[in-house]
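First the structure, in the form of structure tokens, and then the observations on it.
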Amino acid sequence: MHPKRLSSGRRDGKLAQKTRFVESIKHSEETSFSVSNRDIDSTAAIARERDGVPVTYAIVRIENVSTRFAAASKSGVEVLCDVDLTIERGGIVSIIGPSGCGKSTLLYMVAGLEKPTSGHIRVDGDIVTRPDPRVGIVFQEFRIFPWLTVMKNVTFGLEVKGKTSRDEREAIARRYIRMVGLEGAEDRLPKQLSGGMKQRVAIAQTLACDPELVLMDEPLGSLDSLTRETLQDELLRIWGESHKTILLVTHSIEEAIYLGRRVVVMAPRPSHVLHSFDVPLPYPRDPSMRTSLVAGELRTAIWNMLRGASA
């Protein structure tokens, strides 16, 4: 049996789950940020150009971050230990590591959804204490509303913010629906979409709110290999058009290399940064680069590092 509509209780529950993050963003937008926190020190200030993209300073600075989860023992479980990492503006940085090493936890702390036990995370110089309108997130699961059309899913965040008229919201949505290749599907419901199309909706929904930084937690992990590779190329195209900074968590070494300007390798729990590899492949990326000698050598180096750390 396939009911046409969710019961009001289930519908309200799922809506509340999605709106909590967006409402906190709205609250953050209404609160001015401290100018004193925007001082960029010599460590974060990076003035150079890579692959034709000017990089003036770090958009994210993770400073000696550690995290413990509550457990039966008094000390708890240490997940992250003294993580120190800089993310430059305008690029794609991939994070890879063993399962359970805290990659997603680190991403959620950058988003302001979780707090570190010690250390600080800065976005554009401001210490992260709550969700920030400058930061958007795409989850691994297809977190779109099953009872809303593609158009209404993409305009949802804009409507919650209440900053534009309906015509303006739909104009913004159409731009990103076109960007992710879903033009003509505006009136479809999620049940009429493939898995890859649903994730495109989620990406458009995030980009429509115009964040400076886009966090992606295994966004293509649940897709078949052919769809995954197709969407990797689409993601690179979208990045080229939107000029956003993307911080991506993945379990695929090949994906990390193909998408990223850098690949950050995390150690097993308690996790820290083992190494940050620059990817010596130019943009725009071409599918033939997946099997290039350079990509193969880098994959081997990352795999050996992960295997050695887990031994």
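The values are calculated or read from the model by the stated rules, or taken from the named source; none is laboratory data. Everything numeric in this text was worked out from a predicted model, so none of it was measured. Using ideal geometry, Cβ is built from the backbone for each residue, glycine included, and neighbour counts are taken over all protein chains shown. Areas reflect the complete protein model, heavy atoms only, side chains present, ligands, DNA and RNA absent. Shrake-Rupley method; radii C 1.70, N 1.55, O 1.52, S 1.80 Å.
Side notes on the structure shown:
- Residue-by-residue Karplus 3J(HN,Hα) for the range 125-140, coefficients 6.51, -1.76, 1.60, Hz, glycine and proline x: x, 8, 5, 6, 10, 6, x, 10, x, 7, 10, x, 9, 10, 8, 5
- Virtual spin-label span in nm between residue 226 and residue 194, 7 Å along Cα→Cβ: 0.8
- Once the chain from residue 147 to residue 168 is taken as fully extended at 0.36 nm per residue, the excess over their C-alpha distance is 5.3 nm.
- FRET efficiency estimate (nearest 0.05) - Cβ-Cβ, residue 210 to residue 130, R0 25 angstrom: 0.85
- Subset of 115/198; 115/191; 152/191; 103/152; 103/191 violating a 24 Å alpha-carbon distance limit: 115/198; 115/191; 103/152; 103/191
- For a label point 7 Å along the Cα-to-beta-carbon line of residue 78, residues of the range 241-273 with backbone N under 12 Å: 269-272
- Relative packing of peptides 287-297, 190-200 - highest average C-beta neighbours within 10 Å first: 190-200, 287-297
- With the simple spin-label model, which puts each label point 7 Å out from Cα in the Cβ direction, the residue 300 to residue 99 separation comes to 2.8 nm.
- Net charge of neighbours whose Cβ lies under 13 Å from the Cβ of residue 102, counting Lys and Arg as +1 and Asp and Glu as -1: -1
- Atom-type composition of the exposed protein surface of the range 146-237 places 46 percent of the accessible area on carbon and sulfur (1.4 angstrom probe).
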